[in-house]
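Asks: Handing you this structure, nothing more for now.
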Amino acid sequence: GQNIDQPTEMTATEGAIVQINCTYQTSGFNGLFWYQQHAGEAPTFLSYNVLDGLEEKGRFSSFLSRSKGYSYLLLKELQMKDSASYLCAVRDPSNDYKLSFGAGTTVTVRA
Amino acid sequence: DSGVTQTPKHLITATGQRVTLRCSPRSGDLSVYWYQQSLDQGLQFLIQYYNGEERAKGNILERFSAQQFPDLHSELNLSSLELGDSALYFCASSNDMSSGNTIYFGEGSWLTVV
């Protein structure tokens, strides 16, 4: 089965940096995804990691360590619009390549 | 706009009734996924289809069923509805069931059971 853990809530100030951690325990691994979801809206794709290391995309970066079953999403220069839920998801080839999601981390950006 | 289209956007129905949610995947995508998201829960995987065939099943109730048609659109049928079935139902699609390709979500169908 899958076990994907991430903090429930985080709060940060506008312009600051926030790091959202995700740990996973799955039978297999074929990639880790980060999605952003505003309340009542569809999740939107942010990043994908399949190899160890850091992937940078503008203000957002994602890191993966497969040996540790660990990833983080780094949000820099926070803006009010970044207030949302951030979902960590893992694709498991031993489980029909299902994409399983963590419960999400709600980030609140304060002025 | 992800390119995944879901209808209806909102639906209110009574307990015991049956509803059908419809999804059109992105052009060229063969895989369709259904997820349920309740207010107090994260995204729960229900079922996946690839090119018309069921490929993976998650926590889908026996009262629920789905299918993918030859034109690749999919329908999720929810029957004998209960209050607890009220949720946001997302459809998502991708173009390869086994690769790391991203899955893209539709805007969701809000189901309220009263």
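The values are calculated or read from the model by the stated rules, or taken from the named source; none is laboratory data. Just so you know, these numbers come straight off a predicted model, no measurement behind them. Here the Cβ positions follow ideal geometry from the backbone for every residue, glycine too, while neighbour counts run over all protein chains shown. Ligands, DNA and RNA are excluded from the accessible area calculation, which covers all protein heavy atoms including side chains. Shrake-Rupley method; radii C 1.70, N 1.55, O 1.52, S 1.80 Å.
Asks: Rounded, prolate or oblate, given the Cα gyration tensor of region A:2-60, with a/c below 1.5 counting as rounded?
Replies: It comes out prolate by the Cα gyration axes.
Asks: Taking GluC sites (Glu not before Pro) as candidate sites, keep only those in a DSSP loop with at most 16 other Cβ atoms within 10 Å, then name the longest stretch of chain A containing none of them.
Replies: My reading of the result: A:42-76 is the longest stretch.
Asks: Additional query: Based only on the alpha carbon positions, what is the Kirkwood hydrodynamic radius of region B:60-114, in angstrom?
Replies: 13.0 Å
Asks: Something else now. Count the DSSP beta bridges whose two residues both fall in chain A, then state the antiparallel fraction as a percent rounded to the nearest 5.
Replies: 90 percent
Asks: What percent does the relative contact order of region A:61-111 come to when contacts are Cα pairs within less than 8 Å and at least six residues apart?
Replies: Dividing the mean separation by the residue count of region A:61-111 yields 32 percent.
Asks: A further question follows. Measuring from a point 7 Å past the Cα of residue A:111 along Cα-to-C-beta, which residues in region A:67-84 have an amide N at less than 17 Å?
Replies: Only A:78-83 pass the distance filter.
Asks: Count the DSSP beta bridges whose two residues both fall in chain B, then state the antiparallel fraction as a percent rounded to the nearest 5.
Replies: Once the DSSP bridges in chain B are tallied, antiparallel ones form about 90 percent.
Asks: How big is D, in µm² s⁻¹, for region B:1-110 by Stokes-Einstein at 37 °C and 0.692 mPa s if Rh is the Kirkwood radius over C-alpha pairs?
Replies: It comes out at roughly 237 µm²/s.
Asks: What do the square roots of 5 times the Cα gyration tensor eigenvalues come to for the protein assembly as shown, in whole Å, largest first, as semi-axes of the equivalent ellipsoid?
Replies: 29, 21, 15
Asks: Under the definition of Cα pairs under 8 Å and six or more residues apart, what whole-number percent is the relative contact order of region B:42-114?
Replies: Reported as a whole number, the value is 22 percent.
Asks: With heavy atoms of protein chains only and a 1.4 Å probe, what residues of region A:3-41 have at least 10 Å² less accessible area in the full set of chains than alone?
Replies: Those are A:30, A:33, A:35, A:37, A:40, A:41, which lose 10 Å² or more relative to the chain on its own.
Asks: Okay, next question. Can you give the relative contact order of chain A as a percent, counting alpha carbon pairs under 8 Å and 6+ residues apart?
Replies: Across chain A, relative contact order equals 37 percent.
Asks: Would you kindly derive the ³J(HN,Hα) couplings of region B:19-32 from the backbone phi angles with the Karplus curve 6.51 cos²θ - 1.76 cosθ + 1.60 (θ = phi - 60°), listing them in order in whole Hz, with x for Gly and Pro?
Replies: 9, 10, 9, 10, 9, 10, x, 4, 4, x, 7, 9, 9, 10
Asks: Among rounded, prolate and oblate, which fits chain A when a ≥ b ≥ c are the square roots of the eigenvalues of its C-alpha gyration tensor, a/c under 1.5 means rounded, and a/b larger than b/c means prolate?
Replies: prolate
Asks: Where the centre of each part is set by its Cα atoms, how far does region B:62-114 sit from region B:37-58, in angstrom?
Replies: Region B:62-114 and region B:37-58 have Cα centres spaced 7 Å from each other.
Asks: What's the buried accessible area, both sides, between A and B using a 1.4 Å probe, rounded to 100 Å²?
Replies: What A and B bury together is about 1600 Å².
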